[in-house]
Amino acid sequence: MRDETLAIHGGYDGESTRSAAVPIYQTVTHELPDAEEAGRIFDLESPGFHYNRLNNPTNDVLERRLAALEDGVGALAVSSGAAAVYQALRNLATAGTNVVTSPELYGATYTLLAHGLAEEGIEARIADDCDPETMAGLIDEGTRAVFCESVSNPAGTVIDLDRLSELAHERGVPLVVDNTIATPLLLKPIAHGADVVVHSLTKFVGGHGVVLGGIIVDGGRFPWADHAERFPMLNRPEPAFHGVVYARDFPDNAYIVRCRTVGMRNTGPTLAPFSAFLALQGLETLAVRLERQQANARAVAEHLAADPRVAWVRYAGFPDHPSHDAVQRYLGGRAPSILTFGAQGGYAASLRFFDSVRLFKRVLNLGDTKSLVVHPASTTHRQLTPGDLEKAGIPADMIRLSIGIEHVDDLLADLDHALSAAVGEG
Ligand SMILES: Cc1ncc(COP(=O)(O)O)c(C=O)c1O
């Protein structure tokens, strides 16, 4: 099946009730068939559903569908994108080790890496720029993962994943990629060497601003058994499961089986089945929403670029964007519908713009059917120091727009009105 079809039908065959929509299994437990099968389930010899912190039939469809879309071997749905980032990294990094990361990251990811992981004894090595060589230069014996956003939020930098995965693999380290902004319909990181892909489903996949969720997808290709010293957790007997050795006993999907049976079992950031259902509803229309959002975003970017009240515009679809070539190579020329700009008059003018929009929603989200506006330096990235902001590619006057699927003329009219207010016209 092609992506557009997979997004609607993947991972679901109508099951025993022949329900055309994926049913919501609102249950905590499933009956254990008998003591023998229960024992097999607890020894990880049988995959059956038993307790819904770990697995649920509705979530299972979402996991299969996203694994198929991302060319992965398995997936784990979690309660938010932040949970996906955290669980994905903690499945590999333990106290005394480090994670190497690109600097252009969503604010909460940045703070998790810069501060949160340190409390658990894990060092985050944040590169000075998004160049793969810069990041790879930080890898050493203690490195457990290289992490980046395939398309950074909000700067829109597209990482050279082919080169980064090559450099990481040369050093025996897996690449973990947050593919939230691109979605698997624009970019498949695993095809470019990534080993693990994470998403906030809260954004484009959910798409309507009604559900928080996250997913971790296992590419299934990293040779964990060849790096037993670096990844003891996947190569030594797991005491909680009678000595299971993940890399030996689950050679095709060791990473994601451990994520579920250790990370999820022990810490429990479960996605509610109703949330999985909402994410599945969103996924069904993702392809058509993306097309409309991208067309609207291009029209908005061109309109802003031609407006003398605008100081600068950064849109990955423009030839002057630093990632313009990478957009052709990695995204097939389809620039995401996120763009940033500054109003003439700097910080104060940009804030006046922010305060004056009527149709655009002042909302801390992106990828919605509705057009959204945010001022990152005072909100999503407020906790960053001026130096960190610069590293993350966020000037103080930056306004971020996430373009929705409204009629474009209504969007342009709202921008015109808010720009007038920004520069003190009328
Ligand atoms: C790129 C990216 N990753 C992760 C997250 C965190 O996702 P959530 O809000 O679902 O926890 C976000 C949120 O904006 C994001 O933009």
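Table for the structure above
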| item | result |
| --- | --- |
| Filtered residue count, the stretch 56-81, keeping only those that are part of a helix (DSSP H, G or I) and more than 16 Å from the ligand (Cβ to nearest atom) | 10 |
| Residue within the stretch 250-269 that is within 24 Å of residue 380 (Cα to Cα), crowded, with 17+ Cβ neighbours inside 10 Å and touching a helix residue (DSSP H, G or I) at 6+ places or on another chain (Cβ under 6 Å) present | yes |
| Unique match (being more than 16 Å from the ligand (Cβ to nearest atom), crowded, with 18+ Cβ neighbours inside 10 Å and assigned by TED's automatic domain parsing to the domain that holds residue 176) among 126, 122 | 122 |
| Extreme residue, surrounded by the most Cβ atoms within 10 Å (Cβ to Cβ), among residues of the stretch 134-165 that are farther than 22 Å from residue 97 by Cβ and free of Cβ contacts under 8 Å to residues at least 40 places away in the same chain | 163 |
| Only one of 369, 340 that is closer than 27 Å to residue 179 by Cα, more than 16 Å from the ligand (Cβ to nearest atom) and β-branched (Val, Ile, Thr) | 369 |
| The stretch 266-285 - residue that is closer than 19 Å to residue 82 by Cβ and assigned to a helix (DSSP H, G or I) and, of those, nearest to the chain's Cα centre (by Cα) | 279 |
| Residue tally, condition crowded, with 22+ Cβ neighbours inside 10 Å, among the acidic types (Asp, Glu) and free of Cβ contacts under 8 Å to residues at least 40 places away in the same chain, over the stretch 103-119 | 0 |
| Residues that are among the basic types (Lys, Arg) and farther than 18 Å from residue 229 by Cβ, drawn from the stretch 136-181 | 163 |
| Filter pass, residue 8 being modelled with pLDDT under 95 and hydrophobic (A, V, I, L, M, F, W, C) | no |
| Any hit, the stretch 41-51, residues being at pLDDT below 95 and assigned to a strand (DSSP E or B) | yes |
| Odd one out for residue 398, checked against (1) at pLDDT 90 or above; (2) away from the ligand (no atom under 16 Å from the Cβ) | (2) |
| Count - residues of the stretch 369-390 that are crowded, with 19+ Cβ neighbours inside 10 Å and under 19 Å from residue 358 (Cβ atoms) | 5 |
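Residue-wise test of (1) near the ligand (Cβ under 10 Å from one of its atoms); (2) over 25 Å from residue 271 (Cβ atoms); (3) in the same structural domain as residue 153 (by TED's automatic domain parsing); (4) part of a loop (DSSP other than H, G, I, E, B).
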residue: 83; (1), (2), (3), (4): yes, no, yes, no
residue: 87; (1), (2), (3), (4): no, no, yes, no
residue: 93; (1), (2), (3), (4): no, no, yes, yes
residue: 100; (1), (2), (3), (4): no, yes, yes, no
residue: 103; (1), (2), (3), (4): no, yes, yes, yes
residue: 112; (1), (2), (3), (4): yes, no, yes, no
residue: 116; (1), (2), (3), (4): no, no, yes, no
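Residue-wise test of (1) within 24 Å of residue 317 (Cα to Cα); (2) in contact with a Gly (Cβ under 7 Å, 6 or more places away or on another chain); (3) crowded, with 24+ Cβ neighbours inside 10 Å; (4) free of Cβ contacts under 8 Å to residues at least 12 places away in the same chain.
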| site | (1), (2), (3), (4) |
| --- | --- |
| 174 | no, no, yes, no |
| 181 | yes, no, yes, no |
| 193 | no, no, no, no |
| 205 | yes, yes, yes, no |
| 212 | no, no, no, no |
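The values are calculated or read from the model by the stated rules, or taken from the named source; none is laboratory data. In this text the structure is predicted, and so the values were computed from the model without any measurement. Counting neighbours? That spans all protein chains shown, and the Cβs are built from the backbone with ideal geometry, glycine included.
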